[in-house]
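Structure first, commentary second.
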Amino acid sequence: MVNLLPYLAKKQVYKEYLFRRGIILFLLLIFSLLIGAVLISPAFFLAEIKEREATKQLTQTENTATAQEESGVETIVRSVNKKISIFTTPSDKEERVSRLFLTVIDARTNGTIIDGLSFETREENKVLAKKIVVSGKSPRRESLTAFADILRQNAIFKNVDLPTANLVRSADLPFSITLTF
């Protein structure tokens, strides 16, 4: 076949061909991106909605967690403050109980050892019953009865209960005396 077009015209036609081909490829690329964007947009919107919900849920969880931590810390602080207040500022009730304990301790006779003092209040028949239980060891029966007599002479105590079982031995007597007031 005979070449009828000159070389420059051939070159010009080839450039037009490449230009048209580039435009078609460019349009196909734009069309593909446009279709891809349309197809992916629902997934994007769903992901955005899920992210908002997750963020909202995270903030709610953090708020409740901090509130629970704060309430737990507040409970611990109140408990510690209550324990500290026992040692720092006695209330009237605690002061009266400590005076009663001192009264019992001061009433000891020679050789009588007090191992324990316990204070108890409870309601019996709509009346508040208060009692102190004194436990310890006495070297002789006479010193234990003298200790009980000194407590009976004190006007603070309504009743001093010294069980006779405490007087069975003659020496090294373990005892438990109940004082009601």
task: Quick one: in the range 104-126, of everything that is among the polar types (S, T, N, Q) and modelled with pLDDT under 85, which residue is surrounded by the fewest Cβ atoms within 10 Å (Cβ to Cβ)?
output: Asn125
- line: Here the qualifying pairs (Cβ atoms under 6 Å; residues six or more apart or on different chains; first in the range 29-44 and without any contact (Cβ under 8 Å) to a residue 60 or more places away in the chain; second surrounded by 10 or more Cβ atoms within 10 Å (Cβ to Cβ) and part of a helix (DSSP H, G or I)) come out as none
- prompt: Out of curiosity, is Ala148 assigned to a helix (DSSP H, G or I) and either surrounded by 11 or more Cβ atoms within 10 Å (Cβ to Cβ) or of a type in the set (Val, Ile, Thr) (or both)?
  reply: yes
- prompt: If we scan the range 164-171, do we find a residue that is under 20 Å from Arg96 (Cα atoms) and either assigned by TED's automatic domain parsing to the domain that holds Arg96 or assigned to a helix (DSSP H, G or I) (or both)?
  reply: no
query: Pick from the range 127-137 the residues that are surrounded by 14 or more Cβ atoms within 10 Å (Cβ to Cβ) and at pLDDT below 90: which of them is nearest to Thr112 (Cα to Cα)?
result: Ile132
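Of Thr145, Thr109, which residue is among the β-branched types (Val, Ile, Thr), touching a Leu at 6+ places or on another chain (Cβ under 9 Å) and either under 13 Å from Leu173 (Cα atoms) or outside the structural domain of Ser176 (by TED's automatic domain parsing) (or both)?
Thr145
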- request: Please work out if Ser41 is at pLDDT below 80, in a helix (DSSP H, G or I) and of a type outside the set (A, V, I, L, M, F, W, C).
  value: no
Scope the range 101-145; condition outside any strand (DSSP E or B), under 46 Å from the mean Cα position of the chain (by Cα) and on the phi < 0 side of the Ramachandran plot; matching residues: Phe101, Leu102, Thr103, Val104, Ile105, Asp106, Ala107, Arg108, Thr112
- prompt: Which residue out of Leu46, Leu34, Leu28, Leu5 is touching a helix residue (DSSP H, G or I) at 6+ places or on another chain (Cβ under 8 Å) and surrounded by 10 or more Cβ atoms within 10 Å (Cβ to Cβ)?
  reply: Leu5
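The values are calculated or read from the model by the stated rules, or taken from the named source; none is laboratory data. Since the structure is predicted, the reported quantities are computational estimates derived from the model, not experimental observations. Neighbour counts run over all protein chains shown; Cβ positions are idealised from the backbone, glycine included.
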